[in-house]
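Q: There's a structure below that I have some questions on.
The values are calculated or read from the model by the stated rules, or taken from the named source; none is laboratory data. Since we're looking at a predicted model, the values are computed, not measured. Using ideal geometry, Cβ is built from the backbone for each residue, glycine included, and neighbour counts are taken over all protein chains shown. Calculation scope for accessible area: heavy atoms of the full protein, side chains included, ligands and nucleic acids excluded. Shrake-Rupley method; radii C 1.70, N 1.55, O 1.52, S 1.80 Å.
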Amino acid sequence: MSTSKLVDGTFLKRLVIINALVPALILAWDGYHDQLGVNAINFLIRTTGLLGLVFLTLSLLITPLRRLTGWNLAIAPRRQLGLFGFFYIATHFLIFWLYDRDGSFGDTLGEIIARPYLWFGFGALVLMIPLALTSLDTMITRLGPKRWKLLHRLNYVIVPAGVVHYYLLVKSDVRQPVAFGVVVALALLVRAIWHYLDLRRAAAKQPTVLSVKKKFWSGEMVVARIFVETHDVKTFRFVMPDGSALPFEHIAGQYLNIALMIDGKRVNRSYTIASSPTRSHYVEISVKRAPDGHASQFLHDQVTEGMRIKIGAPAGKFYFAGHGERVVMIAGGVGITPMMSVARSLTDRCWRGDIYLLFGVRERKDVIFEHELAQLQQRFPNLHVEIVPSSERGRITKEIVQAFVPGLSRGPVMLCGPDAMMTAIRKILVEIGVPDGEITQEAFVSPLQVIEQVPGEIATGEAANVQFKRAGKGTDTSELTILECAEACGVNIPFECRSGICGQCKTTLVSGKVTMDVQDALTSADRSKGVILACQARASNDVVVDA
Ligand SMILES: Cc1cc2nc3c(=O)[nH]c(=O)nc-3n(C[C@H](O)[C@H](O)[C@H](O)COP(=O)(O)OP(=O)(O)OC[C@H]3O[C@@H](n4cnc5c(N)ncnc54)[C@H](O)[C@@H]3O)c2cc1C
Ligand code: FES
């Protein structure tokens, strides 16, 4: 067996775990045999603190090491290093609290307040708690990769705070804390320089084949054709009622929102636009029939050609902007829809880069767009497609990914499919060495509840005044939403779906009353704080909004 096969991510993780446990075991052994010296508590506090700082510093050095050496496997044990750092620092504090301060809360708190070096040490420990709690892969999906990454940047504060704590604590010989300080400062400096260079490089890159425009449209479209794709997926093609071109521009990967009236109740759902933005006269969505699903069952069983459907589009930030020389897409099941739009769009435009599409399905009969993909592959040799039915080959593994995409160590990689699949693949990609920030994913999560249709309280023709407090602007309206009022008087409220789903347009109602057709994006905490969805809210009387 070759060395590279022996030294894989699992090996490195185990190596770190074993090495990190050794000092703890030695300390426990020495403690048990009363061999910790005359000032045992002090020795334990110092040693665990030092060990914690060593592991945290090592975790900070992983990315520079990987980037400088190109050794992507180095990333594998980073989490273990961070967790052991937390373990030793938490133990350091517990010993201090239980033995040095006799377990007294008041005494410990008094000491922390009185001694500046403890401000830094205790502060670092508190900041480490959310990182430790969110260290599992499932938390990446729950928080969303962006928020998770942002949270874990706290490490850039925690480690320097630990070094300052150590420096202030050591009264005479400061060589060791200064050495830590130099290493940490260099690691942070290198990262800051890389970050700056990456930003400059990204800014310098002009969109090659696609550009991002954000003009939202909503209105009625006609179901022109319905295609049966598989035993449980149908494609719906929508056109404008008058046959004109689409009134909006979308980017491959974005989605649209549809509003259906099902049994007198309004149901809002999002569906990826599977067709290519190069097709200017229609959009298509491909919908999988969800068992007992309200909207998908309705679309499959009740919607017929010629029907009019209320649509809002485009929305979403999951797209490929056409940069670089390669795009890798990994889809599971109906998660193929955004990838299909990208593949269709890039081949339509004869994009020169390599397009890799790895498509996991349960069984052969679940493969959507099989014939079209085969045909596109014949015509475009730069499109590489591999279908992995789990009934025949099992789930998508690291080996499958590596064999399919040669030399994969950079993004962009797009993921779309069931949550568990995306979490597993993301982990594989990071292990292979793809930077987490170069992986994007889309979850097909929609609210479960059906929305009762709530007629606005304000009768058409009765004007109410809408004031935007911070902008100092206002307007009278009889039927516009708060978002439309804001747009009418030039007040900027961010938005995305305009369907009450994404929550981008959350804003606070200062006074007055509004009605909202859809409130899916609001939590009960939002409601209690007077937060409204500007895209859904209509004034019932004169209102003041914090915008
Ligand atoms: C950005 C985005 C893009 C999407 N793109 C696509 C796409 O291209 N194609 C596609 O098919 N889908 C897509 N979806 C998913 C789509 O929006 C719907 O969520 C999906 O069609 C299911 O909706 P439904 O109304 O049929 O099912 P729902 O009624 O919402 O039910 C969903 C599932 O949950 C179960 N369920 C319902 N109520 C409950 C309950 N109270 N407790 C437990 N389980 C319950 C149902 O049995 C069903 O299996 C996308 C979602 C998003 C957010
Ligand atoms: S814009 Fe998405 S909820 Fe209002």
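Q: How many residues does the range 88-118 hold that are under 19 Å from Pro177 (Cα atoms) and touching a residue at least 40 places away in the same chain (Cβ under 8 Å)?
A: Residues that pass the stated criteria total 6.
Q: Using the structure shown, decide if Gly103 is open to solvent by less than 80 Å² (accessible area, probe 1.4 Å) and either in contact with a strand residue (DSSP E or B) (Cβ under 7 Å, 6 or more places away or on another chain) or assigned to a loop (DSSP other than H, G, I, E, B) (or both).
A: So Gly103 fits the description; yes.
Q: Considering only residues that are among the small types (Gly, Ala, Ser) and either more than 16 Å from ligand 1 (Cβ to nearest atom) or open to solvent by 50 Å² or more (accessible area, probe 1.4 Å) (or both), which ones fall in the range 499-515?
A: Matches in the range 499-515: Ser511, Gly512.
Q: So Cys485 clears everything in (1) outside any strand (DSSP E or B); (2) open to solvent by less than 10 Å² (accessible area, probe 1.4 Å); (3) over 13 Å from Gln467 (Cα atoms) except one condition, right? Which one?
A: Tallying (1) outside any strand (DSSP E or B); (2) open to solvent by less than 10 Å² (accessible area, probe 1.4 Å); (3) over 13 Å from Gln467 (Cα atoms), Cys485 fails exactly one: (3).
Q: Within the group Arg142, Arg191, which residue is closer than 30 Å to Met421 by Cα and either open to solvent by less than 40 Å² (accessible area, probe 1.4 Å) or modelled with pLDDT under 90 (or both)?
A: Arg142
Q: Now for a separate question. Return yes or no: is Val518 within 16 Å of ligand 1 (Cβ to nearest atom) and either under 17 Å from Ala539 (Cα atoms) or outside any loop (DSSP other than H, G, I, E, B) (or both)?
A: Spelling it out, Val518 is indeed within 16 Å of ligand 1 (Cβ to nearest atom) and either under 17 Å from Ala539 (Cα atoms) or outside any loop (DSSP other than H, G, I, E, B) (or both).
Q: Enumerate the helices (runs of 4 or more DSSP H) found wholly within the range 373-457, keeping only those where 2 or more residues are open to solvent by less than 50 Å² (accessible area, probe 1.4 Å) and either at pLDDT 95 or above or over 30 Å from Val543 (Cβ atoms) (or both).
A: By residue number, 398-404, 419-432.
Q: Let me ask another. Those residues that are among the aromatic types (Phe, Trp, Tyr), out of contact with any Pro (no Cβ under 9 Å at 6 or more places or on another chain) and under 30 Å from Ile428 (Cα atoms), I need them from the range 72-125; list them, please.
A: Hits for the range 72-125 are Phe84, Phe86, Phe87.
Q: Shifting gears a bit: Under the condition of being more than 6 Å from ligand 2 (Cβ to nearest atom) and polar (S, T, N, Q), which residue from the range 500-514 is farthest from Phe444 (Cα to Cα)?
A: Only one residue fits best here, namely Ser511.
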